[in-house]
1. Once you have a ≥ b ≥ c as the square roots of the Cα gyration tensor eigenvalues for the range 141-224, tell me rounded if a/c is under 1.5, and otherwise prolate or oblate according to whether a/b is larger than b/c.
2. Can you give the FRET efficiency for residue 104 and residue 172, using 1/(1 + (r/R0)^6), R0 = 22 Å, r = Cβ-Cβ distance, to the nearest 0.05?
3. Cβ neighbours within 10 Å, averaged per peptide: list 125-134, 158-167, 104-113, 187-196 in order, most packed at the top.
4. Taking the Cα-to-Cβ direction at residue 290 and at residue 151 and moving 7 Å from each Cα, how far apart do the two end points lie in nm?
5. Which three numbers, in whole Å and largest first, are the semi-axes of the equivalent ellipsoid of the range 107-259 derived from its Cα gyration tensor as √(5λ)?
6. What ranking of 213, 123 emerges when the number of other C-beta atoms within 10 Å of each C-beta is taken as an exposure proxy, fewest first?
7. P(r) tail for the range 277-329, what percent of Cα pairs lie past 17 Å?
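Quick note: the coordinates plus some simple rules give every number you see, no bench work behind them. The structure displayed is predicted, hence computed values, not measured ones. Virtual Cβ from ideal backbone geometry, glycine too; neighbours counted across all protein chains shown.
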């Protein structure tokens, strides 16, 4: 049974990486087209990738985009494809990974290294040598979420270099963000942090006052102004949610609770049966034996409404997922 389970796990890894590549590959092709690569060459490269993926079954897999590229580099032999993959790899930000490793390094024993760069220009970062104050170590995940990451926007005109200086002095403002229920006092703490970004010389705590004062000085470009309090509250909620996810990155089945009833309107990426990870997984296992897939998605015209009612209407609520899982078990 152990050998059988191991084989199933290896096969599951291979199918997962194939599904991820089916999602990632179109983005790579779009990028390659922008670089002037012809359609015939892209078709040939796609065939090369399909053949190379067949050889990944016995390797340890990962869902990290840069690591996926590295594994594909080991599998393919086409020099042009390798060159393109290396160029594309430079467009992938490893910052999220580095921040996560920095936060969790205290829970790990021994040295911790992070590999980044390209095949030609590999760099290794000694994560265990990164020295932070206890407050910064505790809140670096929150800082990264608030000041801009892959899922949360950054303060306009203020990158990591500027905000890092504020974080060094006022990192304790993030002590409660990403932990438990988001309170009004925590939102106000984030507001104070933003005030110190846009108005470092003054001890202001009202972002609307800072916005108005900067506007009075002649800054009419909306993008250069601080966000309004209402906009900043939405930004803080998103950062809080992202930080919750990261804080549980070492938990097999994390419990993420969002209280804001967010809904995506008119989005066909992950809510419909096509063009999302569901279709990618079904395509990857289409020719496999003894694998049953049940897809739950929005099959009608998307509309606005209360979250729970919409989930129930389109058959994608928690109860619908449980029902589908039970039906698969009985097959």
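1. On the way: a/c = 1.76, a/b = 1.47, b/c = 1.20.
Prolate, since a/c reaches 1.5 and a/b exceeds b/c.
2. Working: r = 21 Å, r/R0 = 0.93.
Computed FRET efficiency for residue 104 and residue 172: 0.60.
3. Values: 125-134: 13.0, 158-167: 15.4, 104-113: 11.4, 187-196: 21.5.
So the peptides 125-134, 158-167, 104-113, 187-196, ranked by packing, come out 187-196, 158-167, 125-134, 104-113.
4. In this crude spin-label approximation the distance works out to 3.5 nm.
5. Values: eigenvalues 176, 78, 43 Å².
Equivalent ellipsoid semi-axes, largest first: 30, 20, 15 Å.
6. Values: 213 15, 123 10.
Listing 213, 123 from fewest to most nearby Cβ atoms yields 123, 213.
7. Summing the P(r) tail past 17 Å for the range 277-329 gives 48 percent.
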